[in-house]
1. Mind checking which lysines have their C-alpha under 20 Å from Lys66, skipping anything on the same chain fewer than 8 residues away?
2. Identify, among Val117, Leu127, Ser148, the residue whose Cα sits farthest towards the positive end of the charge dipole of segment 96-152, taking +1 on the Cβ of Lys and Arg and -1 on the Cβ of Asp and Glu, with the dipole about the Cα centre.
3. Could you sort 65-73, 52-60 so that the peptide with the highest average Cβ count within 10 Å comes first and the rest follow in order?
4. If you build the convex hull over the alpha carbons only and average its shadow over all orientations, what do you get for segment 3-77? Give it in nm² to one decimal.
5. What does the convex hull of the Cα atoms come to per residue for segment 96-152, in Å³?
6. Using per-residue counts of other Cβ atoms within 10 Å, averaged over each peptide, order 118-128, 24-34 from highest down.
Amino acid sequence: MKINDAIHTTNPIASWKKTIKAKVAVWTYDSITEKPEQVILYGDGEDSQYHAYTDVEVTFFKRMNKKAIAQGLVIEFTPENSDLEIEYEFLANATDAQLKEFLSQSFLKMKKDLKKVTSEAVMVRLLRIATEEEKSETILNLLREKLSEIQAIPIIKEEE
């Protein structure tokens with residue numbers, strides 16, 4: 001999800017997506033910085049779409065990308081999920097009480113569920129709570145191993 005999309009709490013008033021497999025460069029207007037910027041649309045997901053939230057952004061997009069729109073490289077569309085729901089990683093939006101409950105489950109279930117965790121922040125919170133709750137050394141070692149595993153993974157976003 002693009003940062004501009006995350007800031008807005010309302011649905012976009014217009015959306016465009018690319019229609020070809022190749023990357024498409026479009027000009028957009030960032031209403032936060034009040035400056036035009038070039039955006040590369042690529043892949044098939046959110047990265048292949050642009051959402052406009054103000055009339056200025058819509059007008060600017062249509063004027064600056066006339067050729068791409070005329071050639072059919074980008075088309076206007078209505079998003080299927082117009083609520084733009086945010087998908088959180090496993091346990092990323094959990095409260096401390098929910099994390100305590102997670103740590104209270106059986107060891108094997110916890111070990112299985114920890115495979116879903118990919119966020120370093122979640123693991124740090126789990127480790128802090130486990131230490132405060134004086135969990136067993138086995139659980140603490142499991143959490144430390146998972147945290148080390150996550151920290152060892154290089155953060156590289158693959159482009160299609």
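Since every read-out is calculated from the coordinates, none of them should be taken as a lab result. Treat the numbers as computed from the prediction; the structure is a model and nothing was measured. As a convention, Cβ positions derive from the backbone with ideal geometry for all residues, glycine included, and neighbour counts pool all protein chains shown.
1. Straight-line reach from Lys66, under 20 Å: Lys17, Lys18, Lys21, Lys23, Lys35.
2. Highest projection toward the positive end goes to Val117.
3. Working: 65-73: 13.8, 52-60: 16.4.
Those peptides, ordered most packed to least, come out 52-60, 65-73.
4. On the way: hull surface 18.4 nm².
The orientation-averaged projected area of the Cα hull of segment 3-77 comes to 4.6 nm².
5. Working: hull volume 4.0 nm³, N = 57.
Considering the Cα atoms of segment 96-152, their hull volume per residue is 69 Å³.
6. On the way: 118-128: 17.1, 24-34: 15.0.
The peptides rank, most packed first, as 118-128, 24-34.
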